[in-house]
1. Within region 25-48, can you find the residues that are part of a loop (DSSP other than H, G, I, E, B) and free of Cβ contacts under 8 Å to residues at least 24 places away in the same chain?
2. Pairs needed: first member in region 8-24, assigned by TED's automatic domain parsing to the domain that holds L36; second member anywhere, among the aromatic types (F, W, Y); C-beta distance under 7 Å; at least 6 residues apart or different chains.
3. Out of the residues in region 48-82 that are at pLDDT 85 or above and small (G, A, S), state the one that is surrounded by the most Cβ atoms within 10 Å (Cβ to Cβ).
4. Among the residues of region 101-122, write down those that are surrounded by 11 or more Cβ atoms within 10 Å (Cβ to Cβ) and assigned to a helix (DSSP H, G or I).
5. How about region 1-36: which of its residues are of a type in the set (A, V, I, L, M, F, W, C), surrounded by 12 or more Cβ atoms within 10 Å (Cβ to Cβ) and within 36 Å of the chain's Cα centre (by Cα)?
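The values are calculated or read from the model by the stated rules, or taken from the named source; none is laboratory data. Since we're looking at a predicted model, the values are computed, not measured. We place every Cβ from the backbone using ideal geometry, glycine too, and count neighbours over all the protein chains shown.
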Amino acid sequence: MENIRTFPSTETRNEYIITELNNGKTIGEVSRSVGLTKRQIKRIKKAHQTNGRIARKRGSGRRNALSKSQKLQLLLTIRWNFAKPLSAIVVELGLPCTVQTARNYLHSKGYSYKKTQKRPYLSYQSKQERLAFAESYQSYPFETTIFVDESVFRVGEPCYGWSPKGHIPYREISPFPPSVSVWAAISYYGKLNLAFYEGNLDQFD
C-alpha cells in the first residue's frame, strides 16, 4: 500500500501536485500519493493552467451557515437553557441552519449532550457539622448499627443537557413532580429488601 504524503499547508500540497504532473506523473499516481481523488487533482491542475494559482482563492469556499453573532447567541442560550431541545432553540433564535449544523458547531466547541446530575446545596456550616459528625464516629462499632434511608425518584424532569467537555450540567428541580418513593436499609452484614411507600415517612413508620 502506497504511503500518503503529508504537507504543512494546502499551498505546499498543491505545489507538489503541479510539480509531479509536470515531471510526467499521471493523475492517478499523484492522486494515490497525496490522498486526493482524481477529480480533485484535475481541478487543481485546471486552476493552475487557467490563472497560475496553486492555493484556493480567499473567500471562494462555502460560506458559514452561522455568523459570529449567531454562534455566540447559540452558546449563550444553551448555557442558560442546557436541557432545552436543540430543535426548539434553533427555531426560537431563528437560526438559518439545520439542527444538525447547530449540533456540529456545538460539538466543534467541545460541547456534548450528557446526563445531568442533581447537586444539593450545603452551606459551609453544614459541611463542618458533617465533618465533625464523621470524625466523632470513626471508632464506633458499626456491627450493631442499621442504616436506613428513603429516596424519592422524580419522573418526567429533564435529565440531559448540553455542556462543555469536562463539565456536568446541573438542573433545577420542580417542587412537586410525579415521583416514586423507596425505602431501604443496610448494615454491616448486608442489605435489606427495597420497600415502596406512599405519602411521608417519620421515625415511627
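1. First, pick out the residues of region 25-48 that are part of a loop (DSSP other than H, G, I, E, B): 25-26, 35-37.
Of everything in region 25-48, those that are part of a loop (DSSP other than H, G, I, E, B) and free of Cβ contacts under 8 Å to residues at least 24 places away in the same chain turn out to be K25, T26, L36, T37.
2. Between residues of region 8-24 that are assigned by TED's automatic domain parsing to the domain that holds L36 and residues that are among the aromatic types (F, W, Y), the close pairs are R13/F7; Y16/F7.
3. S67
4. Matches in region 101-122: T101, A102, R103, N104, Y105, L106, H107.
5. Scanning region 1-36 gives F7, V34, L36.
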